[in-house]
Structures are given as structure tokens and as C-alpha cells.
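Colleague: Input: one structure, supplied below.
The values are calculated or read from the model by the stated rules, or taken from the named source; none is laboratory data. Keep in mind it's a predicted model, so treat the numbers as computed, not measured. Every residue, glycine as well, gets a Cβ built from its backbone with ideal geometry; the counts of neighbours run over all protein chains shown. For the accessible areas, the whole protein counts, side chains as well, though only heavy atoms, and no ligand, DNA or RNA atoms are used. Shrake-Rupley method; radii C 1.70, N 1.55, O 1.52, S 1.80 Å.
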Number of protein chains: 4
Amino acid sequence: MAMNFTSDNAYGAAPEILAALRDANSATAAPYGEDEITARLGQRFGDLFERDVAVFPVFTGTAANGLALATISPPYGAIFCHEQSHIAVDECAGPEFFSGGAKLVPLRGQHGKIAVPVVEEALTHYRGGVHSAKPAAISLAQATERGTVYGPDEIAALSEVARREGMALHVDGARFANAVAYLDCTPAEITWKAGVDVLSFGATKNGAFCAEAVVFFDPERVRDFEYRRKRAGHLASKMRFLSVQLERYLRDDLWLKQARVANGLAQRLERGLAGLPGIELAHPVEANEVFAGVPAPLAEKLRSSGISFYEWEAPRKGRTLLRFVVSCFTPEEDVSRLICLMRS
Amino acid sequence: MAMNFTSDNAYGAAPEILAALRDANSATAAPYGEDEITARLGQRFGDLFERDVAVFPVFTGTAANGLALATISPPYGAIFCHEQSHIAVDECAGPEFFSGGAKLVPLRGQHGKIAVPVVEEALTHYRGGVHSAKPAAISLAQATERGTVYGPDEIAALSEVARREGMALHVDGARFANAVAYLDCTPAEITWKAGVDVLSFGATKNGAFCAEAVVFFDPERVRDFEYRRKRAGHLASKMRFLSVQLERYLRDDLWLKQARVANGLAQRLERGLAGLPGIELAHPVEANEVFAGVPAPLAEKLRSSGISFYEWEAPRKGRTLLRFVVSCFTPEEDVSRLICLMRS
Amino acid sequence: MAMNFTSDNAYGAAPEILAALRDANSATAAPYGEDEITARLGQRFGDLFERDVAVFPVFTGTAANGLALATISPPYGAIFCHEQSHIAVDECAGPEFFSGGAKLVPLRGQHGKIAVPVVEEALTHYRGGVHSAKPAAISLAQATERGTVYGPDEIAALSEVARREGMALHVDGARFANAVAYLDCTPAEITWKAGVDVLSFGATKNGAFCAEAVVFFDPERVRDFEYRRKRAGHLASKMRFLSVQLERYLRDDLWLKQARVANGLAQRLERGLAGLPGIELAHPVEANEVFAGVPAPLAEKLRSSGISFYEWEAPRKGRTLLRFVVSCFTPEEDVSRLICLMRS
Amino acid sequence: MAMNFTSDNAYGAAPEILAALRDANSATAAPYGEDEITARLGQRFGDLFERDVAVFPVFTGTAANGLALATISPPYGAIFCHEQSHIAVDECAGPEFFSGGAKLVPLRGQHGKIAVPVVEEALTHYRGGVHSAKPAAISLAQATERGTVYGPDEIAALSEVARREGMALHVDGARFANAVAYLDCTPAEITWKAGVDVLSFGATKNGAFCAEAVVFFDPERVRDFEYRRKRAGHLASKMRFLSVQLERYLRDDLWLKQARVANGLAQRLERGLAGLPGIELAHPVEANEVFAGVPAPLAEKLRSSGISFYEWEAPRKGRTLLRFVVSCFTPEEDVSRLICLMRS
């Protein structure tokens, strides 16, 4: 039987979310987000983040990121982000599209994270007035594309630079649940209390069918977000079916419980691989992803044993970097089996 | 109890589609449309249209239209459409966004339809070379925003103009099912056999949660559609849940059966209102929408009786234009009740 | 010898402007508008308009309009303008390009002018919230494409609607000089005192090589205009050669003197054609353009006599509409000759 | 008296070009490039490049680059270029604007040049199908931002990669004259014979008022360039005044003669600085720019002696990088004086 470690989106939706969708299907409702479920979302997210927020459901993370960034960056803006971030390399120039031509400035940084010095250095190239794009935003991923997590202090430090330069701070939270589950802090502490202005809050990867939310912590920043969402085709006519996924996702801490399960499996995998000869964990495992450098032939062997995963970089000098992603629905025995295979 | 005639999207999804979604949720699958359900869609739509087609599921009609039009029109293109068409007035300049600035040329026409002479007249203003936008596409809605339907001959005539001018022909088929149910012809006859190049094939209004498909009849036209879809955030990571809705929608003619029910209810409403004093049917009822001009006080009376609907234009001289939309899920007694109230 | 009534841009630059260009060529200067001539422009335009203004030279009227409109309209904005305005039909969807997809709403109106009722009527279609583009600006041409001129009251009335709806008021002044020369009022009275927010101030058609200026009357509106100008390739590296044309154009009222000459020639042509059998002046002659409806064969006869002009619309029922544009450099005898030919 | 080494655009236009402009001002002409001077340009450039070419004058280098790149790259395209190239850092995201959101991929490379290995490495990140932007073009500057020049073999090697990957090859030739003057080859050998598809041919920096040309060597690539130019406001109404600058620039090898003078002055400056203690020439001097690393206090001393120039990077560890640009109009004694000051 196939064992799937390609991505958390290889798994479907939580039974609870399916049930919620079914329940929401029993009545008529006003379209385009004028329904009662969507109306309740503001309060739900407000409770979660311990303050008034503006919440806008959309279908995908690429849309959440693109729309959020287009709202905080003008078309002639510069957006500073990690060179391997999803917005930079996996969204087919989506932020450029949504913003009408903003420039993503790729920054280097260990473990998928950017830090203040590299942002400061990059900013020195953006002092030329109108000759350069106008610094508009810093965008970081939480958790990162490498399965690592920013602490509140790291975010606050980046936020301080952003504030000083008149930039906004965006967080791509496609795996925000995994980050919060890892950190010993509240959602508020790791977002607006640390200076985050807008968050792409993901649910799809952690057990929804398709549901993300753009969360603005500062009403000033919202501006005409809704116009942008509409014209990009991300205002669902039957919005309630997006909203109900998000509502259920938050209820009873389902989102956190599922993220904890996934993180736990990833840690189990990490422990299983630690110290194995020839296998090198490339990054701390702080979310639900494990990156392991292995001898190239091992990749082939795993595949022939029915395990799916991605090789994350082109092989080099006989070694290759594998990415294993676990979902809360990944069977524990799949993890065990994977460890076994890599040990042998 | 509330009676809802505001829109077909006030109703939820068909039980069959909910069941299909549930079934698709039981296994892992490759993301981003690499799954087996999505792979089957090409064949399903090919069978439906009796030829090879390229099919791309997206989340909304606005996205389907915008992406289709951006594929067939350059940023400096002119797209000819009815002045009241959805793309012109209800998508917040979505086609302009997706295309990077194409110009929608609004045309007049009875019953929501455009005809060859008005297109020809408009074209006379686009003979100035680079001073005008470049004629790129004709876009019509089938069924139209006024609940009317183009016959194959009407489409063929428009297609001939398009062909002659090097333009493509797009059909916004948000209510394509209602149009086919009304016409005595096959899906092929009313599309590519009549010269349609690309179709926004709607399912959401007729019983899906959220699922539309862009169907290209000419592979030459597809170009890099998939890049556009991706960067606009309309490539679902869990694509199978979009695709399975479309697949089930087509199976056993569910789409047509449902459209026939809706059309039948609309015709019943039409018959019920025909000849009532003071009530004027504004358009032939050929799909699932009924537009009735009524004395302004009647609108208020209906509302206070618990009936929801839209007033489609600003009231004028004591009269107002009401739009009633029926879904296949609209209870028959709601229609009866509405007729009763309007009679009395 | 050829007589050219095709456009005012068929003629070259004023000798005074050529001389100014030559003089400016004698020294080095800071590039990109950091030079002294450009620095003086603010004061020059401030004097002209009797208030502090922000002035930005650009190369063409299409750029001036597009950049101005992009500054006052978001990408999802609606811009209300005459259906025959230059921005709507002669700039190849330039405003759509510069703004990133704003929608130009074409309005009808006699003699190339829009009036309050037609704007109000159009606005009724823009009350649907995010489903429609967001009303952002009214744009009018002064003088219009039909050679007519708005009085201060007409502009003030449009401005009042704009103000009430949160829209800005833009004036395409490609022939602003001709309009001011015609009106008995100051540049201030016909612009910001009547509620104009931003003006495309033209010089090219009235005797410059290539020089237009975007003039903002409200510093709040300027925002990041300079970023937009730069990225669109309209920040001249040798800006002084643009600025010096504008400076000389204003000095000693050269701009007005030249416009008066042109207007005078147009009026002479008007008087010469008035009452001629078979010839119908289509519009009041208030600037430097004369539109005359004539029997179709007359067009051919004029052409064969060496006169160039445009037929402004497709001929209909044996008659055609000719446009004659005069420049301040048009020889008087050309006008006389044209009148003679049309009389005979 | 001030000595200006800030940029070649600090100097004005050649007397010959001023004279040509004056001569072209004596008659009427058809607007928008329908004039005879513009008509001749194709032949002039065809002679220069020894083949049929398509030539389009525009006002600025930013426009030339942006329009050229938008023609060869779709909005979802990736354009590979040096991280310090003008298009990447000095055009305020102009290519992103003109193209509607293409992504510039910044590459490293010595002396402002990119080479095949770094392009190949970058391409490995663009194998993900629609998840990445689509490789569309390589763009290099000739001469580079660091005053160096690509040889035909270097360009041919990059062209080969471009060809293999279905990409086009663009050259930003703002200082193309200086490059050709340096190389021992014909314009043809260093462009289309080496695989260049489209060239931004600069004249402004080398003695025009404002005139650049986009030159397509392959008619297939031209597509709808003219629509793009028009809507971006770069179709001059009095085009003849752009064209005549270009025509005169080419006549009697004026362009090359002037470039040779400038290059000669730069080489003189290079020789003067070579071997001076504490002064380090950062790059080979192959065009009209000299980059010298100097002790930070020297910059201040030069400034107080009336010399203008740019510090090209933020000072570091007591040293700073100065850029000196010479024009063909830079007085020889200015160069001598500069050398003297740096020696002492």
C-alpha cells in the first residue's frame, strides 16, 4: 500500500469538517458572504486572536498571499522575503500578478528564515528614491518552507525594521497551525503582538477541503481588500461552504489538535532518523516537515518500496535532499515503516 | 418560512454531489490536479462535447471568465459583450484584472443578447490601428443575464464575425445547463459546432458547492492557461474535490435533469404571471429566471410576506423590475405561493 | 502645395521653444529632473494657477492621462468619461494599462461633453458594492474631442458629484490652451476653483516638440506619482529638455497667444462655412477644431485639391463628417483656400 | 568650475543632432510615426545591422527595455538577468509593470556580467511546471552597468541556452555604442549573429536629447509591439523629432565616433589611476565608466574640489566605490584634473 509523504495536501478533509459542510448544506443562505456563518467568522477569529480582526475567506493560499500582499504593497512596491519562500518560488509569480507588478526581493537565510541583518543589507539597495521599487512589505512564512518556526522575538525584530521603514509585515501561515502548536504561545503573541499586520491563515493543508483566510489585525490595512478579492474570482458565491470549514476548523481547537498530531509524527520521524549513518537532517524539525539529506540511491529504494515524497533539490555529488511531510491523517505505521526502510 | 428567489446560488449542493465529495475524501491523492479524478475529467467532458477538449476546473465563474478571456485576449485587446453581461457589470472589472487591462466594449441588445449588427457597428470604431484596443474576442452569456438563450444560428452568426476579424468567441456558461435544457440540441451543437472557442462551464449555480470548468474546444487556444490559473490562485491543491463535483455533475445527466427542473419551475412561474394586470414579463423565460415589471408597492408587499428577490433596476415612475431566480431545489409550493401573492 | 488640417500635431514646434531647447543644451545638468529648470517649473505653474501645485513633465498626453488616472483610481476603480473621449477610444486602453485594469465607463453626451444627469444615471449601476468596479474618477476633456469647451459652472457641477461620491475629477487638457483662450476666465477658475483635482496640461499640440505636464492641485492626490512615472519610462534622464519646453511655453503667455491664433483661424473657418448649402457644422467651434458634415463626394474633391484632413466617422447615407484642425502655424491662406474650395 | 562625472546623461545633445532637429521642424508631417523620416529608419537600421530589422523609436531606455521584455515574456514569465542590471535595480520595477508581472530573476556574476553556469543553475529552480514562473528571456546589458563588455562568444553561449529553453535573448544597449566601439566587430556580429533577438538601442546617453530604439532582429518576435508602445504613451505624436535624432545619430558614424571619444577618455582615466596607492580599479574599463575603490575621505576631498560623481555602494571599512562616467563631451582637462586630484 502506498505511503504518501509528498505533502499534507495529499490527505483529505477532517470528518468533522465534512460533517459541518453537510450540515450547512441543508438550508438556503444569502450568497457572496452575506450569510450567517460568514458573519460569525469575525467573532470566531476575534476570540482566537484576542482582538478585533477583519477576516476574509478565500479558496487557496496563493490567493491569500497574493491578495494580502497586493493590499499592503503598491504595484511599484518591493516585498522582502526568503529566496525559497512559497511566494517567491511556488506561486508562479502570483504576488506579482495580484499586486500589478510588485517586486519580490529574494533574501538568503538559514533554515528558510530571514533575519534582520539580511533585510537591512537589502534595504541599502533601495535608497535610490524612484529608481528603485519602494520598500512596502516584509513577508515571512510561519512555519517556513523548511519546516522551521519563527519565535515571537524574531518576528518582533523584523517588525521593528518594517515599522521604521514604513513597511507592513505579512505572514504566510499556510502551516500556521503547526507553528502555533510548536511554540509555547498564543496566536496573538505570535502575530499582532509581535507586529504582524496581516496573516494568511491556512486550513487546507491541515484538514480542510479548501479554505484559507486573510486576517488583518489593523483595520487601516484592509482598505479595499474586498474589491480585490471579488475581481480575482475569490469571492465565493456560496461562501458559507468556505466559512463553515473555517468555523469548524477553529471549534474545539480542532486546528491545534490536528497540528499537534502532525507535528508529533514529524518529531517521531526526526527521532527515528537522527544519527542514522549517511542521513543528515537538514533543518530543525519544528513543524510537520522533515528534510533529510541522503545518499541518492536511497531515494530510489524508498520509491520502489511504495513511498512517495519529493526530492527537494537537484541531487549533487551522490546525495539528495528528501522532503517528508506528514499530515495529522498520516498513519503512524507509515512513519514507522519509513523509519525502518531508512534504517536498513 | 422564507421563500428565496434571490439567486440559484442561495441553494446548496445536490445530495449526489455531497456524496461524491464524501467518497473522494477517503484516500490520499496527488495534489494540484495530478490526481485520478481530475485525469478522468478530460474524457468526461470529451464525451459530453463529442470531441477532444481541454478542461480546467476553477473555483468560481468570475475566475473562469477572467482566465478564459485573458487567454484569448492580449492586455491591449477589446472584448465585445452585452452592456449588462456579468463580465461587464458584476465581476468588479475581473476580466480587466486577469487580462492585464483589456477593454470590455459594452454593446446594447434586447433581452440581454448581442447580435451581429451591433457588433459590426462597434467594430467600425476599432479600425484605427494601434490607437484603439485590438479586437480580440466576443463574449456572450448562455443563458444570458436576462434568462434568455441564444440559438445555434445566432451563435454561428456571431462566430462568423469573430472568425473574420481574427477574434475568439467566448461563452459565459454560468447557466449553460439551463440553456442546453431549453434548447433542442446537443452541447456540441450549441458550442464548437456553432463556432465557440472557449466556454466557462458552470456547475455552482446548478447544484455544486463551488465548481466551474474552463473548456477549450481548440487546443491552439489553451496556450499557457495553466500558468495563468496557478498564479491567480485557482489551481486547487486538493483539486480532486473540485473535479469530483464536476464529474458527478455530469454523471447520469444530473446537470441536465436539475436544469430541467429549474427551467420547469421558471416556466410555471411565467405562466402564473402571464396576463396578470399590472404585471409585465420583461423577457421570454428560457432558463431559470423570470423578470417581471410590477407596481413598486407590490415589491414591498412580497417582501413583507417573506419572499426574497432582487429589484433589478432602480424603480422608475412607480414601477420596478423584479428578478425571480429558481433553483432545481426551490420548493414547488414556493412558486405557487409567489404566484398567489402576485395575483392577489 | 499640401494643406494640412489633419491635426495640430502635424505642425512642428514654435521657434521660441526651439531656441530655448538650444540654450538649455549648452551646459551639464543633473539628470532625472534634479536640474534647475525642472526645479523652477513648480513656481512657474504655481504662478499660472495662483496656488501651490505639483507638476510632473512627461512625454505624451497618453502618458499624462494614464499616469494621472492611475494615481487617482485603484485598479478596481471605475472612471466615468465621454464615450468618444481620447482616453476611451484613442489611447489603446492606456488608462487600463497604467491603472492595472480600471474600467472606463463610456457616457453619452452632446458635443463631446458629459453632464451631471448622465453621470448620475451611470452611477446607479455602481451601487452593488464589490460586484461593480468602485467609482473612482470623472474624467473630462477640455477642450473636448469635438472642439467644444466646458464652462466653469459645468465643471463645478461635475465636481460636486465627484466630491459627493468620493471620486476625483481629472481633466485631459491636451488642448487646455485652446479652452482657456476661448473662455473668459483664468486657468485657476477653470480648474481647481471649479473642483478639478488633476490636469493633463498639454503643450505638444500647441507648439512644443513633445512636452506635457501632469498638474496636481491637491498635494494629497500626488501620492507616489513619481514612482509610477519612473516605472512607465516617463522620467526623462535629460529632463531639462522637457522642462525647458514647458517653461518657454508659459513665458510671455506664449501658450495663450498661440492658442488664440489657432482658435481665431478655426472661427474664421467656421464663419466661412456657416450657411453653405449642404454643409452642416456639427458642433460649436470653441477651440481649434471644426467638424463639418458634408456630401461624401466633397471629401474626395478636397483631397484631390491637396487638402489633408480626417473623416471622423464612417460615411452614412451619402454624407460624411470631416474634421479640420488648425494650428497656430497653419497659414491663413490655407484656411482661405479651404473655404473657397468648400464654397465652390 | 564644476566637473561632472555623474553620468553621461549630464551632458546634452550633439550639435549635429540639434541641427537635425531644427531642420525637421520646418515642415508639416504626418503624426504618430507615419512621417517620412520615421519611414526611413527601417532602412537605416537595416543597413547598420546588415539585415531586415523592425525598429521602433521610444523616449527612454526604461521604456525600451520594458516594452521589449513585455513583448518576449508573458506576464507569468521569468527573465534572467544580472542582479545589478539596470532593469533589475534602476527602473523601479518597470519590466514588471510593462509585462504585467513577469519575474526578474537576479543572477550573480563578476564585473556586471552573467555567464552560462549561473543561468543553468538558476534554471534548475524553474523545472516545476506551473508552480514556477515560465522561463521566457535572458536579458544582458551591453555595455554592462559596470562598464564591461560581452564578447560575441559570451553572447552566443547565453543565446544557446536561451534557444534550448525556448527563451528569447534581450540586450539592454543603453551604452551599445560604447560596447561596439570597444569590440573589434560589427553591430551584426555582436547582436543577431550571436543570437540576440531584440535590442534596446540607446542614443540618449551618447548625445541625443531623448531617443532610444527597440530593434527586433526576428520579425516573429515583434508581434503587437506597436500596441504596447501606444498604450504605454511611447508613441510620439510628433514622432519625426524622435526619429530624426536617431537618423542623425547613425549618419556618418556619429554614434561610433562619439562613443570612441568617450571610451578613450575613460581609458585615459583608467591609465591615470592605475597603480595609484590606495586606489583600486574594480572592473576592466571597456566602455565609458570607471569604477574605483578609494579611501572614504578621498570622496569628500574630490567633492569639495568641485567634482561630481556617484558613490556606487555604501562605504564599508573606510573604503568606498566611486563611479566616474565620461561623455564624449566631457572636457579632456576635466579628466586630467580628476587624475591630478586623485594622485595628490
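Colleague: Could you check A:Cys81 against (1) within 17 Å of the chain's Cα centre (by Cα); (2) within 12 Å of chain B (Cβ to nearest Cβ); (3) surrounded by 24 or more Cβ atoms within 10 Å (Cβ to Cβ) and say which number it fails?
Modeller: With (1) within 17 Å of the chain's Cα centre (by Cα); (2) within 12 Å of chain B (Cβ to nearest Cβ); (3) surrounded by 24 or more Cβ atoms within 10 Å (Cβ to Cβ) applied to A:Cys81, the lone miss is (2).
Colleague: What about B:Thr60, is it surrounded by 22 or more Cβ atoms within 10 Å (Cβ to Cβ) and at the interface with another protein chain (Cβ under 7 Å from one of its Cβ atoms)? Quick ask: steps written out before the conclusion?
Modeller: Values: surrounded by 22 or more Cβ atoms within 10 Å (Cβ to Cβ): yes; at the interface with another protein chain (Cβ under 7 Å from one of its Cβ atoms): yes.
Yes; evaluated as a whole, the condition is true for this residue.
Colleague: Next up: Check whether at least one residue in segment D:274-286 is among the hydrophobic types (A, V, I, L, M, F, W, C), assigned to a helix (DSSP H, G or I) and open to solvent by less than 50 Å² (accessible area, probe 1.4 Å), and report yes or no. Step through it out loud before you land on a result.
Modeller: Within segment D:274-286, the subset among the hydrophobic types (A, V, I, L, M, F, W, C) is D:274, D:276, D:279, D:281-282, D:285.
Applying the additional criterion that residues be assigned to a helix (DSSP H, G or I) yields none.
Taking every residue of segment D:274-286 in turn, none turns out to be among the hydrophobic types (A, V, I, L, M, F, W, C), assigned to a helix (DSSP H, G or I) and open to solvent by less than 50 Å² (accessible area, probe 1.4 Å).
Colleague: Restricting the search to segment C:110-130, which residues are facing chain B (nearest Cβ under 9 Å) and not in a helix (DSSP H, G or I)?
Modeller: C:Arg127, C:Gly128
Colleague: Of the residues C:Thr71, C:Thr38, C:Thr62, C:Thr28, which single one is at pLDDT below 95, on the phi < 0 side of the Ramachandran plot and β-branched (Val, Ile, Thr)? Please lay out each step first, then the result.
Modeller: Working: C:Thr71 fails: at pLDDT below 95; C:Thr38 fails: at pLDDT below 95; C:Thr62 fails: at pLDDT below 95.
On inspection, the qualifying residue turns out to be C:Thr28.
The rows are residues; the columns are (1) more than 18 Å from the chain's Cα centre (by Cα); (2) under 30 Å from A:Glu96 (Cα atoms).
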| position | (1), (2) |
| --- | --- |
| B:Gly202 | no, yes |
| B:Gly207 | no, no |
| B:Cys210 | no, yes |
| B:Arg223 | yes, yes |
| B:Glu226 | yes, yes |
| B:Arg251 | yes, no |
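Colleague: Quick check on segment A:261-269. Is at least one of its residues modelled with pLDDT of 95 or more and touching a strand residue (DSSP E or B) at 6+ places or on another chain (Cβ under 7 Å)? Break it down into steps so the answer makes sense when it comes.
Modeller: Residues of segment A:261-269 modelled with pLDDT of 95 or more: A:261-269.
Then keep just the ones that are touching a strand residue (DSSP E or B) at 6+ places or on another chain (Cβ under 7 Å); that gives A:266, A:269.
Among the residues of segment A:261-269, at least one is modelled with pLDDT of 95 or more and touching a strand residue (DSSP E or B) at 6+ places or on another chain (Cβ under 7 Å), which makes the answer yes.
Colleague: Is it true that some residue in segment B:146-157 is out of contact with any Gly (no Cβ under 7 Å at 6 or more places or on another chain), farther than 17 Å from B:Arg323 by Cα and β-branched (Val, Ile, Thr)?
Modeller: Residues of segment B:146-157 out of contact with any Gly (no Cβ under 7 Å at 6 or more places or on another chain): B:147, B:149-154, B:157.
If we keep only those that are farther than 17 Å from B:Arg323 by Cα as well, we get B:150-154, B:157.
Among the residues that remain, those that are also β-branched (Val, Ile, Thr) are: none.
There is no residue in segment B:146-157 that is out of contact with any Gly (no Cβ under 7 Å at 6 or more places or on another chain), farther than 17 Å from B:Arg323 by Cα and β-branched (Val, Ile, Thr).
Colleague: Does segment D:33-55 contain at least one residue that is open to solvent by less than 10 Å² (accessible area, probe 1.4 Å) and at the interface with chain C (Cβ under 8 Å from one of its Cβ atoms)?
Modeller: No: zero hits.
Colleague: Can you tell me which residue within segment C:327-344, out of those that are among the hydrophobic types (A, V, I, L, M, F, W, C) and touching a Gly at 6+ places or on another chain (Cβ under 9 Å), is most open to solvent (accessible area, probe 1.4 Å)?
Modeller: C:Cys340
Colleague: Is it the case that D:Ala282 is under 23 Å from the mean Cα position of the chain (by Cα), more than 22 Å from C:Thr28 (Cα to Cα) and small (Gly, Ala, Ser)?
Modeller: So D:Ala282 fits the description; yes.
Colleague: For segment D:296-335, enumerate the residues that are touching a residue at least 12 places away in the same chain (Cβ under 8 Å) and of a type in the set (S, T, N, Q).
Modeller: Correct list: D:Ser305, D:Ser308, D:Thr320, D:Ser327, D:Thr330.
Colleague: Among A:Arg22, A:Arg108, which is the only one that is in contact with a helix residue (DSSP H, G or I) (Cβ under 8 Å, 6 or more places away or on another chain) and touching a residue at least 12 places away in the same chain (Cβ under 8 Å)? Don't jump to the end; show me each part of the working.
Modeller: Numbers: A:Arg22 fails: touching a residue at least 12 places away in the same chain (Cβ under 8 Å).
Every option except A:Arg108 fails the conditions.
Colleague: Could you say which residue among B:Gly94, B:Gly109, B:Gly100 is open to solvent by 20 Å² or more (accessible area, probe 1.4 Å) and closer than 30 Å to B:Pro31 by Cβ?
Modeller: Exactly one of B:Gly94, B:Gly109, B:Gly100 is open to solvent by 20 Å² or more (accessible area, probe 1.4 Å) and closer than 30 Å to B:Pro31 by Cβ, namely B:Gly100.
Colleague: Restricting to segment B:131-146, name every residue that is part of a loop (DSSP other than H, G, I, E, B), open to solvent by 10 Å² or more (accessible area, probe 1.4 Å) and closer than 24 Å to C:Ala88 by Cβ.
Modeller: Applying the first criterion (part of a loop (DSSP other than H, G, I, E, B)) to segment B:131-146 yields B:132-133, B:142-146.
Cutting the leftovers down to open to solvent by 10 Å² or more (accessible area, probe 1.4 Å) gives us B:145-146.
Of everything in segment B:131-146, just one residue is part of a loop (DSSP other than H, G, I, E, B), open to solvent by 10 Å² or more (accessible area, probe 1.4 Å) and closer than 24 Å to C:Ala88 by Cβ, namely B:Glu145.
Colleague: Tally time: how many residues in segment B:1-14 are open to solvent by less than 60 Å² (accessible area, probe 1.4 Å) and either acidic (Asp, Glu) or out of contact with any helix residue (DSSP H, G or I) (no Cβ under 8 Å at 6 or more places or on another chain) (or both)? Working first, answer last.
Modeller: Within segment B:1-14, the first condition is being open to solvent by less than 60 Å² (accessible area, probe 1.4 Å), and the residues that meet it are B:3-14.
With either acidic (Asp, Glu) or out of contact with any helix residue (DSSP H, G or I) (no Cβ under 8 Å at 6 or more places or on another chain) (or both) added as a condition, the list becomes B:6, B:8, B:10-11.
Here the count works out to 4.
Colleague: Does segment D:304-313 contain any residue that is part of a strand (DSSP E or B) and within 19 Å of D:Arg268 (Cβ to Cβ)? Break it down stepwise before answering.
Modeller: Going residue by residue through segment D:304-313, those that are part of a strand (DSSP E or B) are D:307-308, D:310-311.
Adding the requirement that they be within 19 Å of D:Arg268 (Cβ to Cβ) leaves D:307-308.
Scanning segment D:304-313, I find at least one residue that is part of a strand (DSSP E or B) and within 19 Å of D:Arg268 (Cβ to Cβ), so the answer is yes.
Colleague: Ok, one more. Any idea how many residues of segment B:15-32 are surrounded by 15 or more Cβ atoms within 10 Å (Cβ to Cβ) and within 9 Å of another protein chain (Cβ to nearest Cβ)?
Modeller: 10
Colleague: For segment B:8-26, state whether one or more residues are among the polar types (S, T, N, Q) and within 23 Å of B:Ala143 (Cβ to Cβ).
Modeller: At the first step, the residues of segment B:8-26 found to be among the polar types (S, T, N, Q) are B:9, B:25-26.
Adding the requirement that they be within 23 Å of B:Ala143 (Cβ to Cβ) leaves B:9.
Among the residues of segment B:8-26, at least one is among the polar types (S, T, N, Q) and within 23 Å of B:Ala143 (Cβ to Cβ), which makes the answer yes.
Colleague: With the checklist (1) among the charged types (D, E, K, R); (2) more than 12 Å from chain B (Cβ to nearest Cβ); (3) touching a Lys or Arg at 6+ places or on another chain (Cβ under 8 Å) in hand, flag the one item A:Asp8 doesn't pass.
Modeller: That leaves (2) as the condition not met.
Colleague: Please count how many residues of segment D:84-109 are more than 9 Å from chain A (Cβ to nearest Cβ) and among the charged types (D, E, K, R).
Modeller: Of the residues in segment D:84-109, 1 are more than 9 Å from chain A (Cβ to nearest Cβ) and among the charged types (D, E, K, R).
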